[in-house]
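Below: one structure, written as structure tokens.
The values are calculated or read from the model by the stated rules, or taken from the named source; none is laboratory data. As the structure is a prediction and not an experimental result, all values here were calculated from the model. No Cβ is skipped: glycine too gets one built from the backbone with ideal geometry, and neighbour counts run over all protein chains shown.
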DNA sequence: CTGAAAGCGCTTACAG
DNA sequence: CTGAAAGCGCTTACAG
């Protein structure tokens, strides 16, 4: 149906191998012959069959991108975007996949192998999915890049944003405004991400010489279905004395807190400063506009692809330098943070 | 490197063709032989090479998904999700692509052809990109499904939400609350989507027996970079008399209007009802929570895949029934709409 | 510079 | 029920 190299060769009365050489720029082909071949290919509407090409060269041509199928898709698409760009540069394409249940993971891996993907990126997995994946992939010959999700064992590639520095910037910003009484509104109780962020928060607070009030470390839920977040926010707002600022572990949490605070009659940001994390698309549109941290999502996708490729090409890389990629975070100051109403007396 | 059918055959002392038959469940293979083959395949860790398979069967195995690379990615991922599910059911996979400039489109199509994709879904294209694509694809043998984006000529498939009905539900809801003075906050001035939505708005208003105030039809921008939206919102709020409700053509527009209205000192929703369109992930987290319209994005992806496949299988379809798929919209009432403060006297 | 051969891993008629 | 052949569209040594 589609035009083949053989047809071009036949048209020109030459061998089809010559056509292959000319079209790929390999070997020595007389310039005139090459031009003729290229012109004929174009005239006939020839497109190389990458399927055949991939098979014979044995080079895999796809990179898998797997994530948990969720509504919280804002950053996923940005990472995917970065990955697509980087992949394009290497003539690779991205095979988009998702899973809903743990039992789906097996099939995803199976299909990756069948299509001979060069590697797999995973992101936004549940903690259990990370473990399932790590287990399944162990005896398989396929490099995996973890994006954001902390792997439980050293992986081929681990790309993430420097959340510690992100929190550092937030705390610096808040203390510069005069805040001392700072609470932390975190995600799910049993979540590796929550734990990591809480650890960071404690350390950053301590480094800043601030007291960490244990009661002010509340946990809601990364998902938005449950009323957990509203409850946690209300609990946080009921404290006497109330914190003057709340660092939230994610933009959605921050938006919920803003709403609950306003509904409780607080004037924001004067009576309560709130910060987010991630810089989701609509976070800048809340009122007050959310001060948050950009996590370089687009770069994450790009770096994941590049590191994955360096895994494959087996270029020796200084130990630990590949699988631990820390990307910069950047504070975005908007309107949800302000000096506290009554600045506590300096120590 | 990877295990092949030939190796399995060699292991068992049979022909490799028999292995193929057994593994694909084709032809007549003695049950005992089949079991042996399957067992050996498993033991050796065989995975069929889909690349080779696709080449020989000639059946394309991928569906392209192309969108404009933008930050407004919330609904894109949902459509992609639906498409992945539907594609999986047909053993197809999704090749994710994007473009940034019009000149990228050509290359995207080229790569689709080279990989012999069975079809292409496009979404979130700029109007010019739609035209470029339509032009380029004309002489190509590749079915295209337009998702949301109105094609300028009848296309193979066109899947979209029933925005007219969505607006109808909004207006019904507002009038039931007692609103008569309703404005319309639209996207870009020169955008096919804006035009379509404005036409719908006018008609729906007329059907409801409401007066369309031309001055109250304001346009901002689908993008968030420009200050156009803030300006348009302020203009809208400055009208005397002021509308009691504003129908916004998208969730981001609605969130901007909410903010500007609150900053202007209005109490929402009592002094101004605002509605959105799309139901983005964070729209429900604004304060007041946005009343908006669900556009069945996930279903869009699914339907696009299914229609594309029916194009390919060339099953005769009643004229116009394929390329014009209208998906249901559903009003989601949250907190940004309420009865107007002073209900106008009934006619 | 050009041609003829072999092979990538698979499937699909065609004989036995 | 099983085997041997041909072919999918391409690339890559290997001769000339």
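Brief remarks follow.
- Matching option when the condition is under 14 Å from the mean Cα position of the chain (by Cα), at pLDDT below 95, not in a helix (DSSP H, G or I) and not assigned by TED's automatic domain parsing to the domain that holds residue A:225, among A:139, A:72: A:72
- On inspection, residue B:253 does not qualify as within 11 Å of another protein chain (Cβ to nearest Cβ) and more than 29 Å from residue A:75 (Cα to Cα).
- Condition broken by residue B:120, with the remaining ones in (1) modelled with pLDDT of 95 or more; (2) surrounded by fewer than 19 Cβ atoms within 10 Å (Cβ to Cβ) satisfied: (2)
- Put simply, of B:102, B:133, B:113, B:109 the only residue that is on the phi < 0 side of the Ramachandran plot, more than 16 Å from the chain's Cα centre (by Cα) and within 7 Å of chain A (Cβ to nearest Cβ) is B:113.
- For the range A:209-219, residues that are surrounded by 15 or more Cβ atoms within 10 Å (Cβ to Cβ), in a loop (DSSP other than H, G, I, E, B) and touching a helix residue (DSSP H, G or I) at 6+ places or on another chain (Cβ under 9 Å) total 2.
- Test: residue in the range B:80-89 that is crowded, with 20+ Cβ neighbours inside 10 Å, more than 10 Å from chain A (Cβ to nearest Cβ) and touching a strand residue (DSSP E or B) at 6+ places or on another chain (Cβ under 6 Å): no
- Members of the range B:145-156 that are outside any loop (DSSP other than H, G, I, E, B) and in contact (Cβ under 8 Å) with a residue 40 or more places away in the chain: B:145, B:147
- Matching residues, the range B:259-287, being more than 7 Å from chain A (Cβ to nearest Cβ) and closer than 20 Å to residue B:167 by Cα: B:269, B:272, B:273, B:274, B:275, B:276, B:277, B:278, B:279, B:284
- Residue check, residue A:104 more than 9 Å from DNA strand D (Cβ to nearest atom) and out of contact with any helix residue (DSSP H, G or I) (no Cβ under 7 Å at 6 or more places or on another chain): yes
- Some residue of the range A:144-158 being away from chain B (no Cβ under 13 Å), on the phi < 0 side of the Ramachandran plot, modelled with pLDDT of 95 or more and surrounded by fewer than 19 Cβ atoms within 10 Å (Cβ to Cβ): no
- Residues that are assigned to a loop (DSSP other than H, G, I, E, B) and more than 23 Å from residue A:56 (Cβ to Cβ) were ranked within the range A:11-36; the one that is nearest to DNA strand D (Cβ to nearest atom) is A:30.
For (1) within 12 Å of DNA strand C (Cβ to nearest atom); (2) farther than 30 Å from residue B:84 by Cα; (3) within 14 Å of chain B (Cβ to nearest Cβ), each residue gets a yes or a no:
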| residue | (1), (2), (3) |
| --- | --- |
| A:5 | yes, yes, yes |
| A:12 | yes, yes, no |
| A:26 | yes, yes, no |
| A:32 | yes, yes, no |
| A:39 | no, yes, no |
| A:47 | no, no, yes |
| A:54 | yes, no, yes |
| A:66 | no, no, yes |
| A:70 | no, no, yes |
